[in-house]
1. Can we say Met1 is at pLDDT below 95 and assigned to a loop (DSSP other than H, G, I, E, B)?
2. How about region 23-44: which of its residues are in contact with a helix residue (DSSP H, G or I) (Cβ under 7 Å, 6 or more places away or on another chain) and surrounded by fewer than 13 Cβ atoms within 10 Å (Cβ to Cβ)?
3. Of the conditions (1) open to solvent by less than 60 Å² (accessible area, probe 1.4 Å); (2) modelled with pLDDT under 95, Ser17 fails just one. Which one is it?
Amino acid sequence: MKSTEVEDMNSNCLHESVGEKCIICDMNKMAGIHLYTSFICTDCEQEIIHTQTSDPKYQFYLNRLGRIKRTRLYS
């Protein structure tokens, strides 16, 4: 194997063991969902689902969801 291939494999393994950064809580988590190109951890997903619109946290979640970057698909 070439050294760049080994580096790529090590990078992928590290990424899998650390997880991905959640756009809501900014923490690295292993499990969650992808919305466009953004990641939302399972904990935040559940919090969002169970938060009433009258709860002050609801506005916080809306603001954080505004971070989602939509990619354009060109055909």
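1. On the way: at pLDDT below 95: yes; assigned to a loop (DSSP other than H, G, I, E, B): yes.
Against the criterion (at pLDDT below 95 and assigned to a loop (DSSP other than H, G, I, E, B)), Met1 qualifies.
2. Ala31, Ile33
3. If we test Ser17 against (1) open to solvent by less than 60 Å² (accessible area, probe 1.4 Å); (2) modelled with pLDDT under 95, just (1) comes out false.
The values are calculated or read from the model by the stated rules, or taken from the named source; none is laboratory data. Predicted model only: the values in this text are computed from it and were never measured. A quick note on method: Cβ atoms are made from the backbone with ideal geometry, for glycine too, and the neighbour counts reach across all protein chains shown. Just so you know, the surface numbers come from the protein's heavy atoms only, side chains and all, with ligands and any DNA or RNA stripped out. Shrake-Rupley method; radii C 1.70, N 1.55, O 1.52, S 1.80 Å.
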